[in-house]
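Below is one structure, written out as structure tokens; comments come after it.
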Amino acid sequence: MDLPVIDLSTYLATSHELSDADELSPELSRLCDDVSRSLRETGALLVKDPRCSVEDNDRFIAMMERYFESPVEFKRLQERPNLHYQVGVTPEGVEVPRSLVDEEMQEKLSAMPKEYQPHSPKGPDRKWRYFWRIGPRPSNTRFQELNSEPVIPDGFLEWKDTMDSWGYKMISAIEVVAEMAAIGFGLSKDAFTSLMKQGPHLLAPTGSDLQRYGQEGTVFAGYHYDLNFLTIHGRSRFPGLNIWLRNGQKVEVKVPVGCLLIQTGKQIEWLTAGDCIAGMHEVVCTDRTIEAIKLASEQNRSLWRISSTLFAHIASDAILKPLGHFAESPLASSYPPTHAGEYVEQELAIINLKGKK
Ligand SMILES: O=C(O)CCC(=O)C(=O)O
Ligand SMILES: [Fe+2]
């Protein structure tokens, strides 16, 4: 199954003229419906944003390849375990996939038809990760983020520029998708984006060593959902991401060149009272990954699989609760009003990225 690709250009060209009272053109209205439908039915969406070019994505990936190829001793200088890895690098073997620790999830998995069952990880994820904060944070908050400087590896003069420029572009693309989705869900245009302001957005590329772990079936990121609002990735040079549709079907994602992949996280599920649910996914070494490894070796290219991932969040001090007409949903009581920051802290404790309280 191919996911639809939505070109954001049409919306971008006219959206500044739209106020909520305005009648949308039939074309824009159809596009917004397509966005919300894809998020609802598949937990994912492919978009093309004219502001995010293939060259931007390539520049970002090339720098991250160079970083992850560096010796382990060098990378560990950017590790901040005392700050629960919320800035800098997280080595492989630290992040624990939800499916490994959540017994309820494990029961659901064993009830799935065999062909749709995810790979069962034997331990923590094989992927490395880098966290880089994007965007301003509130000066006055109940959820003071760890007061730490961003971590810049020595010898990477282009680091800040490359990270910020990719990060801000990804946020801009997410904001457009969030507006279009809000319209498609029958909410006001800024229903989601107003809650994203000053959110703890994280640019969070992953790096998986395919030379070491390039055997079919190796789990780079075990079956999980993302705890944020929406996740966006540029195209990875190596396939391997599987997603689960709402109907339980497992789909291998193919991101066309020049496209970005959006995935739904738990916070959009909360805001829509489960009309849209957090998309389950895993990253594993598949036969297509192995084909791409062979080609990359022949062409002398890097054998690190980089994801150009950004996690967009609802602001920590904002309240997660079903918005607008979703408050009337019979499922609304499963999503009680909760500070986004409190919810995130609970989840991080489970996946090993924050001291358990
Ligand atoms: O590595 C990827 O492609 C995505 C990893 C992932 O699911 C995550 O970082 O949450
Ligand atoms: Fe994920």
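Observations on the model:
- Odd one out for residue 77, checked against (1) in a helix (DSSP H, G or I); (2) of a type in the set (A, V, I, L, M, F, W, C); (3) closer than 22 Å to residue 281 by Cβ: (3)
- On the stretch given as the range 168-192, residues that are surrounded by 20 or more Cβ atoms within 10 Å (Cβ to Cβ) and out of contact with any helix residue (DSSP H, G or I) (no Cβ under 9 Å at 6 or more places or on another chain) total 2.
- Test: residue in the range 230-251 that is surrounded by fewer than 21 Cβ atoms within 10 Å (Cβ to Cβ), more than 26 Å from residue 180 (Cα to Cα) and out of contact with any strand residue (DSSP E or B) (no Cβ under 8 Å at 6 or more places or on another chain): no
- The residues listed here are 38, 19; of these, the one that is out of contact with any Leu (no Cβ under 9 Å at 6 or more places or on another chain) and either modelled with pLDDT of 90 or more or exposed (fewer than 15 other Cβ atoms within 10 Å of the Cβ) (or both) is 19.
- Candidates 190, 226, filtered to the one that is among the acidic types (Asp, Glu) and away from ligand 2 (no atom under 16 Å from the Cβ): 190
- Listed by position, the strands (runs of 3 or more DSSP E) enclosed by the range 197-281 that each have at least 2 residues that are within 10 Å of ligand 1 (Cβ to nearest atom) and under 13 Å from the mean Cα position of the chain (by Cα) are 219-224, 230-233, 241-244, 260-264.
- Taken together, the criteria exclude residue 183 from residues that are in contact (Cβ under 8 Å) with a residue 12 or more places away in the chain, β-branched (Val, Ile, Thr), under 24 Å from residue 9 (Cβ atoms) and within 16 Å of ligand 1 (Cβ to nearest atom).
- Some residue of the range 193-209 being touching a helix residue (DSSP H, G or I) at 6+ places or on another chain (Cβ under 7 Å), more than 17 Å from residue 311 (Cα to Cα) and either crowded, with 19+ Cβ neighbours inside 10 Å or modelled with pLDDT of 95 or more (or both): no
- Qualifying residues in the range 301-310 (those that are surrounded by fewer than 24 Cβ atoms within 10 Å (Cβ to Cβ) and not in a loop (DSSP other than H, G, I, E, B)) - the one farthest from ligand 2 (Cβ to nearest atom): 304
To keep it simple, each residue is scored yes or no on (1) away from ligand 2 (no atom under 11 Å from the Cβ); (2) out of contact with any Ser or Thr (no Cβ under 7 Å at 6 or more places or on another chain).
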residue: 220; (1), (2): no, no
residue: 253; (1), (2): yes, yes
residue: 282; (1), (2): no, yes
residue: 291; (1), (2): yes, yes
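- Beta carbons closer than 6 Å, at least 6 apart along the sequence or on distinct chains, pair a first residue in the range 114-139 that is on the phi > 0 side of the Ramachandran plot with a second that is buried (at least 18 other Cβ atoms within 10 Å of the Cβ) and assigned to a loop (DSSP other than H, G, I, E, B) for 135/201.
The values are calculated or read from the model by the stated rules, or taken from the named source; none is laboratory data. Treat the numbers as computed from the prediction; the structure is a model and nothing was measured. Positions of Cβ are generated from backbone atoms using ideal geometry, with glycine treated the same way; all protein chains shown enter the neighbour counts.
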